[in-house]
Structure formats: structure tokens, C-alpha cells
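See structure below.
Derivation of every value follows stated rules applied to the coordinates shown; laboratory data play no part. No experiment lies behind these values; they were computed from the predicted model shown. Glycine gets a Cβ as well: all are built from the backbone with ideal geometry, and neighbour counts include every protein chain shown.
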Amino acid sequence: MTDLRVAVDRLADDPDVTGVWLAGASLGGTLAICHAAADERVRGVATLGAMASVRTWAKEGRSFLAHCREIGLIKDDDYPPDADEWIRELAELDPLAAAARLAPRPLMILHGSDDDVVPVAAARALAAAYPEAELRVIAQGGHRLRHDPRALALLLGWIARQV
């Protein structure tokens, strides 16, 4: 969450930037929702394959941290400086409650019907938490929607409608 805060701070302080929207895939989408709920400077959020809960990962925090290192999500051996604090922060994330607090800002939820990492039920739960959300399920779409031209076209169209 610190990275998001720093990025939003920097963008919000730039006089040439007229607004800040967040887009994130998988855990990045979940973090974008959670950050935006607490930061009114964020004018909207788009997600691709976001999770509605991270409780399972938080219960197995050390294993999840090791997995993040294995897949290259965390490349710095010294990060996080305090693994226990990192796991506590992960456990405190509540994407459903955060989504409900986004109103009236726009939320676009993109999810693949064939996502084998995050079930489509997560997207439906996020949309139920914020009924004004724009939910789009991509037929035969997998988890890596950031590589799916259909999802990217929907995302770019959503962004164009925001400004």
C-alpha cells in the first residue's frame, strides 16, 4: 500500500495532472480498491481479476510471502523489513468493505470467466458490495487479463469515459 500512496501523492502534487485513477490486476486490483477507499484524491478504480478477500493468504502469510518471491512479485530479499507487520497489514485488508466505500466514484471490475486463480465469484462479490460498479466478465478469459485485448479495450474505453 505504501507504493500506491507514494504514487498517488506524487501524481496529486503534479500541477499538470488533472485527476488520479487506479487500475490494477489481481492483488494489485484489490490493493487499488482498498487504497482508493481511504484516499478521496483517487477518482476511480478499475480492476482485472481482483480478489474479494485475502484472508486465506493472510492465514498462510509466510507461505504467501515465499510464493511472492518465487514468482518474482517481490524481488528484494530485504523486503518486507518486518514480515510479521506485512502479514498483519495483509490480514487487515477488506476489499468488500472498501468497495462499498468508493461511492460515488466509478469502479470497473473486469474478470475472466475461466480465471483459474481468482474465481469469478470474487468479481460478483465486489460488484454486490458496490452495486453501481461496472462488472464485465470476459468469456473464456483467464487470470492474466492484462494480456487479453478484449479486457484492454474495455479498460481503455472506461478510462476514456472518465476524463
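Helical content alone sets the calculated 222 nm signal of the chain at -14000 deg cm²/dmol, taking -39,500 (n - 2.57) per DSSP H segment of four or more residues and averaging over every residue. Expressed as a fraction of 2.2 N^0.38 Å, the rule-of-thumb size for a compact globular protein of N residues, what is the C-alpha radius of gyration of the chain? In units of the globular-protein estimate, the chain measures up at 1.02. Under a model in which nothing but the beta-carbon of Lys, Arg (+1) and Asp, Glu (-1) is charged, the stretch 82-163 shows a dipole of about 580 debye around its Cα centre. Amide hydrogen proximity for M51: with H placed 1.01 Å from N in the peptide plane, the residues at 5 or more positions away or on another chain lying under 5 Å are T30. Listed by number, the DSSP H helices of the chain that run 15 Å or longer by alpha-carbon position along their axis and have mean Kyte hydropathy of at least 0.0 are 27-38, 149-162. Taking amide H atoms as placed 1.01 Å from N in the peptide plane, the amide H of A46 lies under 5 Å from those of L22, A23, G24, M108, each 5 or more residues away in sequence or on another chain. Ranking A83, L156, A7 by Cα position along the charge dipole of the chain, where only Lys, Arg, Asp and Glu carry charges on their C-beta atoms, puts L156 farthest toward the positive end. Between A128 and D116, the simple label model (points 7 Å from Cα in the Cβ direction) yields a spacing of 2.7 nm.
So, counting K/R as plus one and D/E as minus one, what does the shell of residues with Cβ under 12 Å around L96 add up to?
+2
Are there trypsin sites (Lys or Arg not before Pro) in the stretch 8-70 that DSSP puts in a loop and that have at most 14 other Cβ atoms within 10 Å, and which ones?
R41
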